[in-house]
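Bear in mind these aren't lab numbers, they're just calculated from the coordinates by the rules spelled out. Bear in mind that the values here come from a model prediction, so they are computed numbers and not experimental data. Here the Cβ positions follow ideal geometry from the backbone for every residue, glycine too, while neighbour counts run over all protein chains shown.
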Amino acid sequence: MGTSIRALLLSQMDSLTPSEQKVAQALLDRYPSLGLGPIANVAKQAEVSDPTVFRFVVRMGFPNYSSFQQALYDEIDTAMNSPLARMDAFHPESGARESHSAIFQRLSRSLATTIDGLDATAFDEAVTLLAKPDIRIFCGGGRYTAPLASLFSFTLAYARPHVQYIEPNINLARFVLADMGPDDVLVIFDFRRYQKDSLRFAQAAHRLGTRILLITDEWTSPISEFAEIVLRIQGRPFAMLQTNVPALALAEALVIGVTNRHPELAKQRMEKIEYLNTGGIEQDTNQRDLPE
């Protein structure tokens with residue numbers, strides 16, 4: 001499809017019935033995240049029936065709702081998230097150079113936007129959940145967000161036990177998934193492009209009873225439909241590659257929040273890790289092996 005779905009909805013609006021207009025407007029109001037979720041969610045948002053939504057997508061030229069969703073995924077992949085498309089949209093004029101001060105100011109504005117738009121209640125719930133020392137926490141992300149998830153898991157593991165980084169792909173982590181259950185938490189980073197592998201893995205973990213903490217962008221991953229807690233990054237990209245500053249800040253804020261809940265536990269754990277890092281166990285073993 002050459003025309004974007006957004007453009008298609010806008011161009012057809014005047015020819016739609018009142019019920020169909022409600023569907024179109026609901027999809028536009030939460031574009032594209034609403035259309036990536038179940039058909040029942042679209043119907044609920046538009047205050048119409050499921051069959052009305054189905055008839056609407058057929059009228060738009062799709063054989064079924066699944067093909068409509070696939071078109072949304074394809075649109076995100078090829079248009080909204082292409083680095084070249086970002087360059088066309090955000091790259092300064094040819095030959096123009098920004099000062100380091102201007103770049104840092106824009107990064108600061110991106111972070112400020114995330115702070116202003118952050119759901120404080122969801123953040124507190126996330127810290128409370130992550131601060132429970134007896135639960136196991138699995139952290140993962142997609143192609144773009146895997147480094148964020150890896151850094152978050154590494155840092156969180158200094159503050160509390162039972163933290164593991166995984167690659168949220170059923171084919172690659174099926175043995176880990178088989179051991180997950182109601183006493184576990186999956187922290188998953190999912191930004192555009194929203195990856196089907198991450199979605200499938202999160203859905204499987206959710207069906208096993210695992211609690212899902214989603215960190216996503218302002219357009220909202222479809223994982224939000226069943227995640228227990230959703231934290232959104234509001235800072236928009238302003239260059240060929242999207243900035244990680246707001247996401248990194250949020251990840252560190254979560255770790256700081258967890259550390260503040262149990263400072264003594266975090267201190268003891270950090271002391272033990274540093275002791276191991278400096279070869280303390282080897283020294284103790286060597287001393288025990290020395291002849292009297």
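Pairwise Cα distances in region 5-80 exceed 18 Å in 29 percent of cases.
Peptides 264-276, 179-191 ordered by packing proxy, namely the average of other Cβ atoms within 10 Å per residue, highest first: 179-191, 264-276. Lys/Arg Cβ at +1, Asp/Glu Cβ at -1, dipole of the chain taken about the Cα centre: which of A26, S224, Q12 is farthest positive-ward? About the Cα centre, the residue reaching furthest to the positive side is Q12. Remark: region 106-277 carries a charge dipole of roughly 400 debye about the Cα centre, counting +1 on each Lys and Arg Cβ and -1 on each Asp and Glu Cβ. For the chain, pairs of C-alpha atoms spaced more than 29 angstrom apart make up 46 percent of the total. In the chain, the calculated helix contribution to ellipticity at 222 nm averages -17500 deg cm²/dmol per residue, counting -39,500 (n - 2.57) for every DSSP H run with n ≥ 4.
One-quarter of the Cα convex hull surface for region 106-277, in nm²? Could the numbers behind the result be given before it?
On the way: hull surface 40.2 nm².
Mean orientational projected area (region 106-277, Cα hull): 10.1 nm².
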